[in-house]
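Right, one structure below, let's go through it.
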Amino acid sequence: MPVGLFRVCLLVITAIVNHPLFFPKENGTVPESTEEIIQKMKEREESLRLEQLRLEQEIADQEATQKALEKAAVVVEESKEENVRWDMWTALSMVIFLLIELWRQDFQEGNWQDIGGEEDDMAVLGKAFKGVAFPNKAVLASFYEKRILGTTGDMARMREMVEGFADDLLEALRSVCNRDADMEVEDCMGVGSMYENWRVRKPFVCDLIVPFAPPEPYCFRCQTWCSGDSFPPDEQGYGTIKVCRADEDATGCICDKTKLGEDMLCLLHSQVSSTRPSREMEDLLCFKNTQYLDADQVMKWFQIAVTKAWNRISHKYEFDLSFSLLDSPGALKIKFKSGKSIAFNLTPVVQYENSDVYFISHFPRSNLAADIPSSTHWFLTFAVYERRFIQLVSKTLPANACHVSCLQILSFLHGKQCSLTGPSGLTNYHLKTVLLHLLQARPSQDWAPEKLEARLQDMLKFLEKCLHEKKLCHFFIGNEKVPAELGFPIIFQRAEPLNLFRPFVLRRDIYRKMVDTFHEMLRNMSALINEYTVHIPLAHTNGIRKE
């Protein structure tokens, strides 16, 4: 009991002692801590407000920047649209101007009414050919046997006679020339249709080229349009020939291009060798005051030399020799006492480096000479390689292949049509180029003799396509598929293709004449062939068609 009472009393005393009212000063710090907390909360609130203001300012700045960028993008886009609209208007104005200029040219030429007709003709290209009455195999075989085969023997005899006389004439020419001052003439070579066995129309004319070289110590340095130097588009296919001393650098010394002064002397060239009188260059057949070979001067020299050579050997022959055409300086004619005559062309050429490509002064029986830019520009002929290519391909074709027959028939039709409607821009060389392309494109078995009709149609369709596109590429220039056996110069294989129809793009009158001649030839083909064909029974013809 006393122990329990003691515990109760101890509990009451402890409670009284620990009551907070007995210690007021010890608990006086509580209100001060609350004020500090409140003050800190106010400071925190103020800092948060300032941070909020700062963030709102940054957001406002970013929005302003974004709006400025968007506005600038809109301005740029509008500027681009205005430039595009301006470019479109400029292009449209140029097109309208060109159309007006073309219309004005046609109107001035009096051909403005023919434009629609030309477009109609070109629109039916490929369709008109389907309606042409094409001769069948029997008619073509009869025509070829009667009209063409009989001329082969005459050509062989004529070639033999002309080559023998030309060799004798050139030998006499060498004897009358001054070996120290005149050009050195080499042996002649036969080129063209007479030596490729496809010429059919009389009179037969042999084309011979005669390479020549300058006397020592001079040499020719040839430059072509594809040799790296810039040539205008109208001079593609041409080149120049510079007459230099053999010991002279190809680029020439600087003393030839600048004035060194009276007190300066070139250490490479003496005063005697560096000054070339213009008279000396003219004696070397160069254009006045230049070192470039002049085609006109060469032809004059060649005519005089041939005349002197003939005077020396004329007593050995019982015929006369004369120049037959004024516009073809190398055109010669042999006149027999019986009244018969033989014509041939003897044309001087310059060899390009060590190849069989030659610079030719002019083309006999051709209007290409009128298009030569100047007399110092020489056209390149690949006639030797063309002949070799035909011979090379012929070895791989079937016996009695029809490739030459196709060219002979087409050449005959073209010649007959030109005799009726007059000459056009289309030439036999264009026809031969078509054949060369097809010989390379088609397999050997396609040229069997029984496929003459099909291959002739192929040639006409190929030519029709070229006329429609106004593009017929030269066979050798730009053709990387030329057989390596020919040894053809790689510089011409890598050159840009040369369009033989390019002159007709700008001369629309000649182009229209060429297209009209082709269409007329197609329409008259059957009549022209039947004129030289023996009568073939209808049953025989039908039997062949059924086969």
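Tell me, yes or no, whether region 439-457 has at least one residue that is modelled with pLDDT of 90 or more and touching a strand residue (DSSP E or B) at 6+ places or on another chain (Cβ under 9 Å). No, region 439-457 contains no residue that is modelled with pLDDT of 90 or more and touching a strand residue (DSSP E or B) at 6+ places or on another chain (Cβ under 9 Å). Only residues that are under 27 Å from Arg508 (Cβ atoms) and under 17 Å from the mean Cα position of the chain (by Cα): list them for region 435-464, please. If the condition is that a residue be under 27 Å from Arg508 (Cβ atoms) and under 17 Å from the mean Cα position of the chain (by Cα), then His437 is the only one that fits. Test Cys402 against the criterion of being in contact with a Phe, Trp or Tyr (Cβ under 6 Å, 6 or more places away or on another chain) and under 27 Å from Gly190 (Cβ atoms), and give yes or no. Yes, satisfied. On the basis of being closer than 30 Å to Thr427 by Cα, of a type in the set (D, E, K, R) and surrounded by fewer than 19 Cβ atoms within 10 Å (Cβ to Cβ), does Asp247 make the cut? No, not satisfied. Among the conditions (1) in contact with a Leu (Cβ under 7 Å, 6 or more places away or on another chain); (2) outside any helix (DSSP H, G or I), Leu426 misses just one, which is (1). Looking at the structure I just gave you, is Ser361 open to solvent by less than 50 Å² (accessible area, probe 1.4 Å), in contact with a Pro (Cβ under 7 Å, 6 or more places away or on another chain) and modelled with pLDDT under 90? Yes, satisfied. Pairs meeting the criteria (first residue in region 156-169 and on the phi < 0 side of the Ramachandran plot, second residue modelled with pLDDT under 90 and open to solvent by less than 60 Å² (accessible area, probe 1.4 Å), beta carbons under 9 Å, at least 6 apart or on different chains) are Met158/Phe204; Arg159/Phe204. The residue of region 298-327 that is most open to solvent (accessible area, probe 1.4 Å), among those that are touching a Lys or Arg at 6+ places or on another chain (Cβ under 7 Å) and part of a loop (DSSP other than H, G, I, E, B), is Glu318.
The values are calculated or read from the model by the stated rules, or taken from the named source; none is laboratory data. Just so we're clear, the structure is a prediction, and the values are computed from it rather than from any experiment. Heads up, the Cβs are rebuilt from the backbone with ideal geometry, glycines too, and the neighbour counts pull from every protein chain shown. Accessible surface areas use protein heavy atoms only, side chains included; no ligands, DNA or RNA. Shrake-Rupley method; radii C 1.70, N 1.55, O 1.52, S 1.80 Å.
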